[in-house]
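Heads up: the structure comes next, in structure tokens.
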Amino acid sequence: MSVVAELILVRHGQSLANVAFPAADAQGLLEAEVSGRDAEVPLTEIGEAQAAAVGGWLAALPSEQVPQVVITSPYLRARETWRIAAESSGLDLPPAKTDDRLVDRLLGDLEMLTRAAVAERFPQEAARRAEAGEYRYAPPGGESFADVEARLASFLTDLNSDHAGERAVVVAHDAVVLMMRAVIQRLTWDEVIALERAEGTVCNASISQFLTRDGRLELVRYNAVDHLPSV
């Protein structure tokens, strides 16, 4: 079976939406202090510093562990995280490619809406969500976690086929990191929920790492942020 030698998953640095939406939801506001498309949400200054710290982590790698393949989500916050990390590392790294299968979970009509706005404009969604369950629920025009898992399974198959034996970095989103682990380790949804409860949500600029042993990817670190002491 073809498989990459190593897979490193990096969540993007803190974005403006990561700050604005929790603040708006805590106050029950209909609008958050961020606008535009989700794909174009920028990093905050903290997010930029986190991205630079990822670059420092890369710079400390032994030469035989430097990534050979880089693929990012096409979203601005992921592309900028890698651009800053690569520049900060001082390494001669391969140019990054993007893959649409690495986008954040698509929320369709609910994209960039606060919880209060969703409740006001789409009052039926709470019942639909409860009935479908979190794994199968898809917002209007959006996708479920099952959909995310399916597209990541497709991505991983192609990654292993196209880059067998190489060291790959993927820069994307919390849902991508979580569900990529589910794909690799063949976790059930109940196991995914238990994982989040035990290990927390995927942190901004965190690093998760898989190494290939006996032809299979095995987890060696997950959601690590020890490279971010000064941020």
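The values are calculated or read from the model by the stated rules, or taken from the named source; none is laboratory data. Since we're looking at a predicted model, the values are computed, not measured. We place every Cβ from the backbone using ideal geometry, glycine too, and count neighbours over all the protein chains shown. Just so you know, the surface numbers come from the protein's heavy atoms only, side chains and all, with ligands and any DNA or RNA stripped out. Shrake-Rupley method; radii C 1.70, N 1.55, O 1.52, S 1.80 Å.
Along the axis of the charge dipole computed for the chain (Cβ charges of +1 for Lys and Arg, -1 for Asp and Glu, origin at the Cα centre), the listed residues 53, 113, 157 are led at the positive end by 157.
Cβ under 10 Å from residue 155's Cβ, residue 155 left aside: what net charge do those residues give with Lys, Arg +1 and Asp, Glu -1?
Details: positive: 101, 151; negative: 99, 100, 158.
Its environment carries a net charge of -1.
In Å², and per residue, what accessible area does region 1-51 have when probed at 1.4 Å with the other protein chains present?
Details: 2500 Å² over 51 residues.
With the other protein chains kept in place, region 1-51 gives 49 Å² per residue.
Each other residue within a Cβ distance under 12 Å of residue 204 adds +1 if Lys or Arg and -1 if Asp or Glu, for a net charge of 0. For region 93-120 and region 140-184, what is the separation of their C-alpha centers, rounded to whole Å? Measuring centre to centre over Cα atoms gives 15 Å. Evaluated with a Cβ-only charge set (Lys, Arg +1; Asp, Glu -1), the chain carries a dipole of roughly 260 debye about its Cα centre, given to the nearest 20. Dimensions of region 102-231 based on its C-alpha atoms, expressed as ranges along the principal axes with the largest first, amount to 50, 38, 24 Å.
Stretching residue 136 away from residue 185 to a fully extended chain increases their span by 15.7 nm, per 0.36 nm per residue minus the current alpha-carbon distance. Spin-label model, residue 40 to residue 224: label points 7 Å out along the Cα-to-beta-carbon direction sit 3.7 nm apart.
Entry note, the chain: relative contact order of 33 percent, from Cα contacts under 8 Å with a spacing of 6+ residues. In plain terms, if you count all Cα to Cα distances in the chain and split them into 5 Å steps from zero, the share in each step is 1, 7, 13, 18, 20, 17, 12, 7, 4, 2, 0 percent.
Accessible area per residue of region 99-223 at 1.4 Å probe, in Å²?
Accessible area per residue: 48 Å².
Element breakdown for region 183-231 at a 1.4 angstrom probe: carbon and sulfur atoms account for 45% of the accessible area. For residue 218, neighbours were defined as the other residues whose beta-carbon sits under 12 Å from its Cβ, and their charges (Lys and Arg +1, Asp and Glu -1) total +2. Calculated on the Cα set of region 79-125, radius of gyration then Dmax: 17.8, 52 Å.
Would you look at the GNM of the chain, springs on alpha carbons closer than 10 Å, and say which of 127, 86, 32 moves the most? So, out of 127, 86, 32, the one fluctuating most is 127. Protection proxy ranking for 181-190, 64-73, 89-98, using the average of other Cβ atoms within 10 Å per residue and placing the highest first: 64-73, 181-190, 89-98.
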